[in-house]
1. Report yes if GLY330 is within 16 Å of PHE273 (Cα to Cα), at pLDDT 90 or above and surrounded by fewer than 18 Cβ atoms within 10 Å (Cβ to Cβ), otherwise no.
2. Taking strands (runs of 3 or more DSSP E) that do not extend beyond region 389-488, which have at least 1 residues that are loosely packed, with under 15 Cβ neighbours inside 10 Å?
3. Only one of (1) modelled with pLDDT of 90 or more; (2) more than 23 Å from LEU29 (Cβ to Cβ); (3) loosely packed, with under 14 Cβ neighbours inside 10 Å fails for PHE41. Which number is that?
4. Which members of region 1-24 meet the condition of being surrounded by 15 or more Cβ atoms within 10 Å (Cβ to Cβ) and under 19 Å from GLU85 (Cβ atoms)?
5. Criterion first (free of Cβ contacts under 8 Å to residues at least 60 places away in the same chain and part of a loop (DSSP other than H, G, I, E, B)) does SER70 satisfy it?
6. Yes or no: region 343-360 includes at least one residue that is open to solvent by 60 Å² or more (accessible area, probe 1.4 Å) and within 28 Å of the chain's Cα centre (by Cα).
7. So SER292 clears everything in (1) more than 28 Å from ASN398 (Cβ to Cβ); (2) under 25 Å from the mean Cα position of the chain (by Cα) except one condition, right? Which one?
8. State which residue pairs qualify: first residue modelled with pLDDT under 95 and inside region 345-363, second residue exposed (fewer than 14 other Cβ atoms within 10 Å of the Cβ) and in a strand (DSSP E or B) in any location, beta carbons under 6 Å apart, and separation of 6 or more residues or different chains.
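The values are calculated or read from the model by the stated rules, or taken from the named source; none is laboratory data. Note that the structure is predicted; figures quoted are calculated from it, not measured. Cβ: placed from backbone, ideal geometry, glycine included. Neighbour counts: every protein chain shown. Surface areas here come from the heavy atoms of the whole protein model, side chains and all, with no ligands, DNA or RNA. Shrake-Rupley method; radii C 1.70, N 1.55, O 1.52, S 1.80 Å.
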Amino acid sequence: MSLWNIVSHMPPEEFSSLFAEFPRSLRCLLADWLENQPWEFINGSDAFCTSVASGMLSAMLEKLRSAASSDGQQCQILQQVSNIESTYRRDPLRLVAVLKAILEGEKAAVLKRDRHLPLSFHRRQEELKFSLGLQRLQHRVHEIQALRERSSQLRDGSAASLPLNPQLKTEPKAPESELPTLILEATKELEVAKQQVLKRIQIWKRQQQLAGNGAVFEENLAPLQKRCESLVEVYFQLHQQVMAASTELGPELLPRLLERFNEVLSSLVKSSFLVEKQPPQVLKTQTKFQASVRFLLGPQLLKASTKPYMVRADMVTEKQARELALSAYGNTLSESTGEIMHNVVALETNPTSGTCCANFKNVLLKKIKRCERKGSESVTEEKCAVLFSTTVALSPSNLTVHLQVLSLPIVVIVHGNQDNNAKATVLWDNAFSEIDRVPFVVAERVPWEKMCDTLNLKFMAEVQTTKGLLKEHYFFLAQKIFNDHSASLEDFQSRSVSWAQFNKEILPGRGFTFWQWFDGVLDLTKRCLKSYWSDRLIIGFISKQYVCKLLSTEPDGTFLLRFSDSEIGGVTIAHVIRGKDGSSQVENIQPFSAKDLSIRSLGDRIRDLGQLRNLYPNTPKDQAFGSHYNKEQTGKDGRGYVSTAIKMTVESERDQQPQSTAGGGPEPPQAQMFSLPVLQQELRPENLQSVLSPICPPAPFCSQPMPSYPAGESNMNMMVPEGMGSSFPSTSPMLSSSMVMDPALPPRCQDLAFRNPMSFMTNQYMPGEASQLLPGGPSPEPRDEEMPELAPFTPMDAPLQSSPRWMAPSMDLPPSSEFDQFLQEMSLESPALCPPFTPPLQRSGYPSPNASCWGLGESRWDDSVRPGHA
């Protein structure tokens with residue numbers, strides 16, 4: 001965006017004092033053309049400045065006449081143009097001063113309102129300054145050449161034919177005294193232009209580093225290469241004039257000038273060797289990666305060689321990088337800190353594109369040598385870099401130069417679980433390092449305002465959205481990272497945050513750091529919630545306490561979405577339920593992870609829940625989330641199968657009330673539920689019959705109805721639809737310790753029965769998971785990381801004789817003493833076969849979502865446990 005695009009939308013009265021000598025109507029016609037001219041950099045009244053000002057005046061008058069031809073007030077504009085020409089033609093430098101004042105006033109007004117100028121404006125101003133400096137250098141070369149010709153003519157005796165100085169109206173000075181002064185001024189201007197190029201290269205490097213955090217980056221190096229080549233071309237022209245004037249310069253001045261010239265060329269050559277494509281900043285060993293380096297002056301300066309120049313890549317530690325930087329990359333690397341495969345590539349020049357590059361395509365870091373860490377520094381805080389180096393010969397001087405360049409800081413990891421902390425180190429270094437720093441020094445504490453900008457930049461880049469964080473989000477994040485719920489938003493803006501608070505100190509009452517939590521939110525939003533966030537359907541960064549304050553006065557069914565404060569990578573629904581007495585309560589549904597949302601999307605889950613009506617503050621949920629609903633499949637598919645669907649329900653105290661109070665229809669009839677008692681180790685034969693009677697009737701097959709047991713407090717129950725009989729699929733590889741054994745089996749079979757219970761148990765009456773067989777009903781399953789893998793049951797060694805599914809019930813139980821002795825021996829040999837009863841694992845206080853899968857029982861959102869796994 002140009003400066004004029006902003007100024008044209010501001011009140012004209014703010015700039016009324018600027019247009020006393022230059023009409024505002026002409027300023028409007030010139031628009032952004034005016035700021036694209038180097039008015040601000042014409043300082044002085046010498047011949048060069050006067051010549052440039054005169055040329056700019058002519059260009060402006062031509063621009064105004066062209067604009068007037070398409071304007072309705074052509075006569076008035078042409079009259080103003082005529083007045084401008086008559087006023088400033090004799091003194092174009094006065095016009096420069098007037099227009100410079102206008103631009104300065106406009107910049108001051110924009111800075112006062114917005115506190116910053118457009119980045120494109122700064123970039124354009126820097127380009128204008130360099131371009132004008134290059135023009136001045138070329139003008140100096142022509143002046144030196146003209147002075148040398150004049151000196152040569154004086155030596156030939158033709159001084160009488162030389163014209164007088166038109167400005168001074170006096171005899172010209174002797175060329176021998178003017179030439180050294182002019183060359184010294186030109187050398188100084190050359191060094192200034194070199195500094196501008198080096199600064200522009202440093203800015204490009206810094207922008208490349210910020211791009212690692214998601215900043216916009218102009219990767220095209222062609223303009224920078226053109227700038228370097230144009231300066232080197234002027235360098236050689238000036239160097240040629242110096243060598244031709246060696247006699248006039250004398251034996252003392254010439255060596256000093258040549259030394260300064262060599263330093264200019266050396267700096268330009270070494271600085272133009274860049275890493276165009278950076279290697280990954282979080283690099284895992286035994287993983288291939290790519291990188292490329294580019295020599296901007298290669299097409300112009302590289303001397304033709306029979307053998308191609310080779311570029312080598314080596315891993316260096318932070319200490320080695322610091323030593324190389326302090327020696328201005330004059331030293332060579334003594335030892336690589338890691339073993340890199342395929343690390344030597346040819347430096348090739350492409351005549352078509354005009355580039356000189358070395359592309360590393362299949363580089364592999366085989367291993368890394370860790371250095372000694374300082375203090376409590378962890379492996380993921382250790383920074384290293386890739387050093388790219390080569391030696392080339394330059395033309396036309398045949399000068400040999402050793403080129404070296406470091407990549408951005410890299411954190412090397414050996415396992416995926418180190419990735420999160422490694423990304424934190426890279427994010428901090430990219431955001432808060434300084435230009436041209438000592439590798440890899442970075443501040444330990446930064447202003448919270450800068451941290452907010454970094455988090456916002458990272459969030460928008462990772463999620464790939466244009467909707468960034470709001471000041472309310474920053475307020476919640478500040479409360480979280482500083483653990484301060486009493487400060488105001490203005491108080492946090494004046495604070496600074498440390499690296500330890502960012503990713504070393506565990507958050508109070510949690511098991512993770514601030515960055516680990518924030519990165520989990522990033523990953524969840526990027527994978528599952530991008531469209532919801534972009535539509536501003538998720539408040540997200542808000543505390544549970546503030547949610548209660550917001551929703552406490554809202555009507556029943558109002559809800560909002562927030563990121564879980566206690567779990568990494570979870571989003572939860574907070575909603576209002578209101579009882580018959582009018583009291584309101586805010587409930588938070590158990591957070592959904594990315595895995596949950598990959599099974600059923602957030603929009604479909606919200607549609608499933610009838611108790612959710614309006615998105616806070618008052619948007620109907622179908623209006624807000626209608627575009628995010630997936631089309632429900634009905635009827636049969638192409639193969640003739642009836643379509644199935646997963647639905648989410650939430651069980652809470654509210655659900656125990658009649659459906660009519662919640663606005664839903666009548667509840668369908670519930671199917672029978674059952675659970676089985678657990679066989680304890682101290683079971684006696686006299687009460688064994690009470691266990692066996694409901695399972696083994698006196699007939700070969702059980703014909704009486706299944707007994708019904710209370711489901712307890714859990715919300716995961718095995719549902720038996722009517723008409724399905726008594727055959728149920730197993731939903732988990734886990735079994736309870738309750739089992740039925742024929743008491744009259746031979747001792748060998750009894751032993752096998754206890755050692756391999758699946759071989760002696762019926763399929764017909766063993767449905768459900770272990771938790772579903774407990775008297776208290778099913779219990780919530782533990783999380784994936786808490787659930788141990790169960791070994792499959794060992795198949796029975798000896799096959800059973802052909803017999804009915806159930807053994808004949810005529811066999812008698814063994815005597816009490818024998819049975820007690822048998823149980824005691826078995827418990828001593830294999831205590832795991834008869835474990836004591838363990839209560840179900842307790843989950844958090846969230847109401848648990850429950851998915852009815854195909855109408856044949858209850859299934860968790862976690863699909864790691866499948867029916868028939870055992």
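1. Considered against the rule, which asks whether it is within 16 Å of PHE273 (Cα to Cα), at pLDDT 90 or above and surrounded by fewer than 18 Cβ atoms within 10 Å (Cβ to Cβ), GLY330 comes out as no.
2. 399-406, 445-447
3. (3)
4. PHE19, GLU21, PHE22, PRO23
5. Taking the combined requirement at face value, the residue satisfies it.
6. Checked region 343-360: at least one residue is open to solvent by 60 Å² or more (accessible area, probe 1.4 Å) and within 28 Å of the chain's Cα centre (by Cα).
7. (1)
8. Note: pairs meeting the criteria are LYS361/GLN290; ASN362/LYS288.
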